[in-house]
Amino acid sequence: MDAAGGSESFPIEMLDLSASGARFRSDRAIPVDTAVRVNINFYPVDFPIKALVVWTRPVEGTDRYEHGAEFVNMPPEEAFLIKDYVLRAAGASKAT
């Protein structure tokens, strides 16, 4: 997965995903209220989602940062894909 702020793209590590937002880690400190584009990769579909960073904190003992972002202006089709993915992932984790 990756994210873009402005015209710059950089890799992220997705930690948590919900229908309304995401928590991710990166090597960049992204200021609160920064608009970003998070590229979601659900094989065979990839799509960018606009999000707004709502919190940022350093990851203790590393040079990385954790961020919380809220999705904004998400088309209904993409919201459905994310909800479906989250439900399937939750079902798979209960089975293990």
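The values are calculated or read from the model by the stated rules, or taken from the named source; none is laboratory data. Computed from a predicted model, the values in this text were never measured in an experiment. In this analysis, Cβ positions are derived from the backbone assuming ideal geometry, glycine residues included, and neighbour counts consider all displayed protein chains.
Please enumerate the residues belonging to the range 21-38 that are among the hydrophobic types (A, V, I, L, M, F, W, C) and not in a loop (DSSP other than H, G, I, E, B). Once the filter is applied, which keeps residues that are among the hydrophobic types (A, V, I, L, M, F, W, C) and not in a loop (DSSP other than H, G, I, E, B), the range 21-38 yields Ala22, Phe24, Ala35, Val36, Val38. Set side by side, the residues Asp46, Asp16, Asp27, Asp33 differ, and just one is at pLDDT below 85, of a type in the set (Asp, Glu) and exposed (fewer than 14 other Cβ atoms within 10 Å of the Cβ), which is Asp46. The residue that is nearest to Tyr85 (Cα to Cα), among those in the range 7-46 that are touching a strand residue (DSSP E or B) at 6+ places or on another chain (Cβ under 8 Å) and polar (S, T, N, Q), is Ser20. If you scan the range 10-47, which residues turn out to be without any contact (Cβ under 8 Å) to a residue 24 or more places away in the chain and over 21 Å from Arg88 (Cβ atoms)? Listed by number, the residues that qualify are Phe10, Pro11, Asp33.
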